[in-house]
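Engineer: Please find one structure pasted underneath; my questions will follow.
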């Protein structure tokens with residue numbers, strides 16, 4: 001299925017709601033790091049935003065220095081009810097879900113990426129290592145950079161993905177990074193879980 005989600009492992013959104021799934025990624029399936037439970041954001045109140053939202057502009061690159069991510073962003077959208085992801089032939093790319101908010105706008109901007117490819121780790125392999133306070137920089141086509149601070153990182157079984165909590169916060173400009181995690185079970189599921197990074201805008205430049 002090429003670059004579509006069920007050929008890889010990232011977020012799946014459907015028109016009737018938002019939920020996640022995944023599939024096998026070839027023969028390479030070493031398990032990525034799991035999030036530290038202490039970094040979870042369970043039941044936290046909505047952040048107090050001291051930074052004004054940014055105007056819409058397409059994101060072009062995501063940088064996360066603490067885990068060595070410096071990746072170009074491509075746009076993805078719904079395809080027969082699924083969100084496309086970068087091709088497994090280009091596992092170093094991440095995708096921005098264009099129908100949703102852009103990074104810096106009010107609402108949860110969504111970036112998706114593979115955790116592993118056919119031959120080894122992919123762009124979001126180390127996502128579970130992030131800790132609260134880490135910075136995520138997203139470059140945009142208007143020559144600005146949206147800087148987000150990680151609020152927490154959590155791991156969810158794919159069958160119990162908390163749709164409203166992950167995608168329903170429109171109190172300010174937030175970011176969600178999503179990939180797969182947990183044990184590799186193969187078949188149509190791939191990895192058993194999803195890893196989600198929750199982050200909030202702290203400045204623009």
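Engineer: Under a point spin-label approximation (7 Å from Cα along Cα-to-Cβ), what is the residue 30-residue 92 distance to one decimal in nm?
Structural biologist: Between residue 30 and residue 92, the label points sit 1.8 nm apart.
Engineer: Still on this structure: Quick check on the exposure proxy: order 140, 131, 126 from fewest to most C-beta atoms within 10 angstrom.
Structural biologist: Working: 140 21, 131 14, 126 17.
So the residues, fewest neighbours to most, are 131, 126, 140.
Engineer: Using the basic label-point model (7 angstrom from Cα toward the beta carbon), what is the residue 135 to residue 118 distance in nanometres?
Structural biologist: 3.8 nm
Engineer: Then there's this: Ranking 67, 178, 195 by Cβ neighbours within 10 Å, fewest first, what do you get?
Structural biologist: By the 10 Å Cβ count, ascending, the order reads 67, 195, 178.
Engineer: Over the alpha-carbon set of segment 43-167, divide Rg by the Kirkwood Rh and report the Rg/Rh ratio to two decimals.
Structural biologist: 0.94
Engineer: Order these by the 10 Å Cβ neighbour count, fewest first: 36, 89.
Structural biologist: Least to most surrounded, the residues fall as 89, 36.
Engineer: Quick one: check the C-alpha center-to-center distance for segment 174-194 versus segment 63-138, whole angstrom.
Structural biologist: 13 Å
Engineer: Which number do you get for Rg(Cα) / (2.2 N^0.38 Å) in segment 107-205?
Structural biologist: On the way: Rg = 14.2 Å, N = 99, 2.2 N^0.38 = 12.6 Å.
So segment 107-205 has a normalised radius of gyration of 1.13.
Readers should treat all values here as calculations from the given coordinates under stated rules, not as data from a laboratory. In this text the structure is predicted, and so the values were computed from the model without any measurement. Please note: Cβ atoms are built from the backbone with ideal geometry, for glycine as well, and neighbour counts cover all protein chains shown.
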